[in-house]
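What follows is one structure encoded as structure tokens, with my remarks underneath.
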Amino acid sequence: MSNREQFRPDDHPNEHFLLTSIVGSYPKPKWLNRVSDLAEDPDSKFTEEHLHEAHDDACRVIIDEHERTGLDTVSDGEMRRNEMVEFFADRIEGYEFNGPVKVWGHNYFDKPSVVDDVEYAESWLVDEFEFTHAAASKPVKVPITGPYTLASWSFNEAYEDDAELSYALADLVNEEIEALVEAGARYIQIDEPALATTPDDYAIVGECLDRIVANIPDEVRIGLHVCYGDYSRIYPELLEYPIDEFDVELCNGDYEQIDVFTDPEFTTDLALGVVDVHTTDVESVEEIKENIKQGFKVVPPENLTVSPDCGVKLLPREVARQKIENMVTATREIEAELDAGEIDLGPEVSAD
Amino acid sequence: MTELIATTPGLYPLPDWAKDELSELKGHQKGDLISGDEGPEVVDAYDRARSEVVDAQADAGLDRVVEGQLRWDDMLAHPLTVHENVETGGIVRYYDNNNFYRDPQVRGELTPSGDVAAELAAVDTDALQAVLPGPYSLADLATDEYYGDEADFLDAVAEFLAGEVDAFPSHETLFLLEPSLVENAPTDDANERASAAIDAVADATDADVVVHTYWGAIPEKTYAHLMDADVDAIGFDFVTDADASLYNINEYGTKDQVAMGLVDGQNTLVESPETIRDRVEWVDENTHTDFERTYVTSNTELFYLPVNKFEDKLEALGDAAALAEVDA
């Protein structure tokens, strides 16, 4: 039984329902970056308390921006998070930070070291979720960095190998998701970009996911996001994963890889990236409609979710907003055309 | 008793102040990276950073001093990405790491540039170790849009590197880094060509030449061919794959000198000098070989590390060599 119907808005205009969603990050308002710097400046009168207030304000603004675009599920755009590994490592016992390391050119990140057994010390995302849930009128999606990526993008000083570290972290992710579900979360997205760089480790990610979903009720929707890699190296293996939805970045590659998912038959829901997050050109509604139709090569409409390729935080904010707005408009038009029988789905994916 | 030489394969992390200062001066985008014609402020920042890492090696008691390759924004692809007949394309993944470099697209003849020689001339030491990508790895990291034939391109890259070496100031040792021999090993006839290309570069210097390999052990056929190259030592990654490295040595022999990658260049866990010394002894025992000289080094470049751990690893390497000498 699919758990996506719970996200259908009461006033949804069409019979068909393609769930629209974001992947996670959203551009921060410029003033938030400014005041974050101020809060770190010891000579400034701007305190951590002020920064907390600024974060609350920014979250409200972005939730509202998401709602105005018409998205079916929204988030706070990760306004409180700095980076996808650092944020979590900072909250997990057993991690330490030693300083920035190079990614490329003069782009660095504070790659943390696991120096002791990892332990769940404090909630990572429950406060963030509760605030967003209270401020939003739409269901909230919670992105969380997956254990394999948390392990791969850290220095491992304490565990036998990265698989052992991943499993230990998966148990902590499970604990956090249980707390989120307790707080009311119904849509969780596990981000595992590291799988794209080392696809041979798909079995480790599978074992992690088994641990993550243990004792999580079926009505909680679990998505998995993997981006910028060769999907043929993890397909069809990923169909074994205990997830409701697999979220892919395919717009960037002009859907060259879409056929990967057609053989064998795709048996979970597909969340399809339909706008490119690495170009500031805003795709037109017509273009996005064609992109959405690519998804019908893989799944019928009732199994298709529509999202951007990846987090949109590197785009100028107005560009990000326009892309999301066009994405929602395109989705609603596709739904209406499906209702009217104007879209030929082809024999292989049409619903019985 | 083997002479122990504490050293590193170079490619150091920038000091944190230099990360900030150069980010400000250069920017964060593809077009902002080093192209070989940087302005005086950038040159000055690199000069100060270079002095710092040269001093750090002296303080750590290393027996060979590298320039640090702090300017090598594109890691091992640097000698090509700054070349006038090479254009830089998109950002591509650097081996199996979360690191990226600009794809060097060779569009014209690879004439000598003198870029690396100028860096080495700025190092004040009497124990200079030059570092270059090996010809096979450099060709592997690049895209050829001029020579048209894989073998010709490899020869051209080797000739180019030999030209760079020709211009080097006096140096004790030359490390040629050849991770592609592991990560994308040659097949069939390419094995012989890779070995000949390395030979051609090694021929350009009177210094000892070490061909250092890492991220595992090279396939045995490739290793057998590499033994034909007239170099002084082959470097092995005992951190990633000690067994396969031993296998190559025991099955096909090795040079009179050896480089042992015993310190993990990609993990912040700092090996103690005693641990490093134990590992040297372990290799000696398991190869039943009395090496004339052993270079004790990290397996990989060190830019993957935060600065504090990088410095700790230099200390550990220096102390390990000193410790062994006292014991002898």
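Assorted remarks:
- Subset of region B:265-297 (residues that are within 14 Å of chain A (Cβ to nearest Cβ) and within 22 Å of the chain's Cα centre (by Cα)): B:GLY265, B:GLN266, B:ASN267, B:THR268, B:LEU269, B:VAL270, B:GLU271
- Subset of region A:49-79 [charged (D, E, K, R), open to solvent by less than 40 Å² (accessible area, probe 1.4 Å) and part of a helix (DSSP H, G or I)]: A:ASP56, A:GLU65
Listed here are the residues, each with its yes/no results for (1) polar (S, T, N, Q); (2) surrounded by fewer than 20 Cβ atoms within 10 Å (Cβ to Cβ).
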site: A:THR267; (1), (2): yes, yes
site: A:VAL274; (1), (2): no, no
site: A:GLU286; (1), (2): no, yes
site: A:MET327; (1), (2): no, no
site: A:ALA330; (1), (2): no, no
site: A:GLU337; (1), (2): no, yes
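Rundown of residues vs (1) within 27 Å of A:VAL248 (Cα to Cα); (2) in contact with a Phe, Trp or Tyr (Cβ under 9 Å, 6 or more places away or on another chain), yes/no style:
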site: A:LEU18; (1), (2): yes, no
site: A:VAL35; (1), (2): no, yes
site: A:CYS59; (1), (2): yes, yes
site: A:GLU96; (1), (2): no, no
site: A:PRO100; (1), (2): no, yes
site: A:VAL118; (1), (2): no, yes
site: A:ALA121; (1), (2): no, no
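- Yes/no for A:VAL118 being surrounded by 19 or more Cβ atoms within 10 Å (Cβ to Cβ), touching a Ser or Thr at 6+ places or on another chain (Cβ under 8 Å) and away from every other protein chain (no Cβ under 11 Å): no
- Options B:LEU25, B:LEU33, B:LEU128; residue that is open to solvent by 30 Å² or more (accessible area, probe 1.4 Å) and either among the small types (Gly, Ala, Ser) or touching a residue at least 12 places away in the same chain (Cβ under 8 Å) (or both): B:LEU25
- Matching residues in region B:217-233 - criterion: being in a loop (DSSP other than H, G, I, E, B) and buried (at least 19 other Cβ atoms within 10 Å of the Cβ): B:ALA217, B:ILE218, B:ALA229, B:VAL231, B:ASP232
- Helices (runs of 4 or more DSSP H) wholly inside region A:80-176 containing at least 1 residues that are closer than 25 Å to A:LYS28 by Cα and either in contact with a Pro (Cβ under 8 Å, 6 or more places away or on another chain) or among the basic types (Lys, Arg) (or both): A:86-89, A:147-152
- Checked against (1) over 25 Å from B:PRO186 (Cα atoms); (2) within 14 Å of chain A (Cβ to nearest Cβ); (3) open to solvent by 10 Å² or more (accessible area, probe 1.4 Å), B:PHE310 passes all but condition (3).
- A:LYS138 falls short on exactly one of the conditions (1) within 14 Å of another protein chain (Cβ to nearest Cβ); (2) under 18 Å from the mean Cα position of the chain (by Cα); (3) farther than 30 Å from B:PHE100 by Cβ, and that condition is (1).
- Applying the condition of being open to solvent by 10 Å² or more (accessible area, probe 1.4 Å) and under 18 Å from the mean Cα position of the chain (by Cα) to region A:153-177 and asking which residue is farthest from the other protein chains (Cβ to nearest Cβ) yields A:ASN174.
- Qualifying residue in region B:175-187 (condition: in contact (Cβ under 8 Å) with a residue 24 or more places away in the chain, open to solvent by less than 20 Å² (accessible area, probe 1.4 Å) and part of a helix (DSSP H, G or I)): yes
- Among the residues listed as B:VAL270, B:VAL280, B:VAL296, B:VAL258, the single one being closer than 26 Å to A:ASP110 by Cβ and aliphatic (A, V, I, L, M): B:VAL270
Per-residue answers, yes or no, for (1) within 27 Å of B:LYS313 (Cβ to Cβ); (2) among the aliphatic types (A, V, I, L, M); (3) more than 14 Å from every other protein chain (Cβ to nearest Cβ):
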residue	(1), (2), (3)
B:ALA224	no, yes, yes
B:ASP228	no, no, yes
B:THR240	yes, no, no
B:SER245	yes, no, yes
B:LYS255	yes, no, yes
B:LEU262	yes, yes, yes
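- The set of residues in region A:121-135 being touching a residue at least 12 places away in the same chain (Cβ under 8 Å) and either of a type in the set (A, V, I, L, M) or within 14 Å of chain B (Cβ to nearest Cβ) (or both) consists of A:ALA121, A:LEU125, A:VAL126, A:ALA135.
- Scanning region A:107-115 turns up at least one residue that is open to solvent by 10 Å² or more (accessible area, probe 1.4 Å), over 23 Å from the mean Cα position of the chain (by Cα) and among the β-branched types (Val, Ile, Thr).
- Evaluation of B:GLU119 against (1) closer than 23 Å to B:HIS212 by Cα; (2) of a type in the set (Asp, Glu); (3) open to solvent by 20 Å² or more (accessible area, probe 1.4 Å) (one fails), failing number: (3)
- Within region B:81-113, considering residues that are open to solvent by less than 30 Å² (accessible area, probe 1.4 Å), aliphatic (A, V, I, L, M) and in contact with an Asp or Glu (Cβ under 8 Å, 6 or more places away or on another chain), the one farthest from the other protein chains (Cβ to nearest Cβ): B:LEU110
- Conditions (1) away from chain A (no Cβ under 14 Å); (2) in a helix (DSSP H, G or I); (3) aromatic (Phe, Trp, Tyr); number of the one not met by B:PHE236: (2)
- Verdict on A:PHE46 being open to solvent by less than 20 Å² (accessible area, probe 1.4 Å) and aromatic (Phe, Trp, Tyr): no
- Whichever residue in region A:319-345 is outside any helix (DSSP H, G or I) and either of a type in the set (Asp, Glu) or in contact with a strand residue (DSSP E or B) (Cβ under 9 Å, 6 or more places away or on another chain) (or both) and, among such residues, is nearest to A:PRO193 (Cα to Cα): A:ASP344
- Some residue of region B:284-299 being among the β-branched types (Val, Ile, Thr), under 23 Å from B:ARG64 (Cα atoms) and at pLDDT below 95: no
- A:ASP76 vs. criteria modelled with pLDDT of 95 or more, away from chain B (no Cβ under 14 Å), within 30 Å of A:THR329 (Cα to Cα) and more than 19 Å from the chain's Cα centre (by Cα): no
The values are calculated or read from the model by the stated rules, or taken from the named source; none is laboratory data. Values in this document were obtained by computation on a predicted structure and should not be read as measured data. In this analysis, Cβ positions are derived from the backbone assuming ideal geometry, glycine residues included, and neighbour counts consider all displayed protein chains. The accessibility values were calculated without ligands, DNA or RNA, using every heavy atom of the protein model including side chains. Shrake-Rupley method; radii C 1.70, N 1.55, O 1.52, S 1.80 Å.
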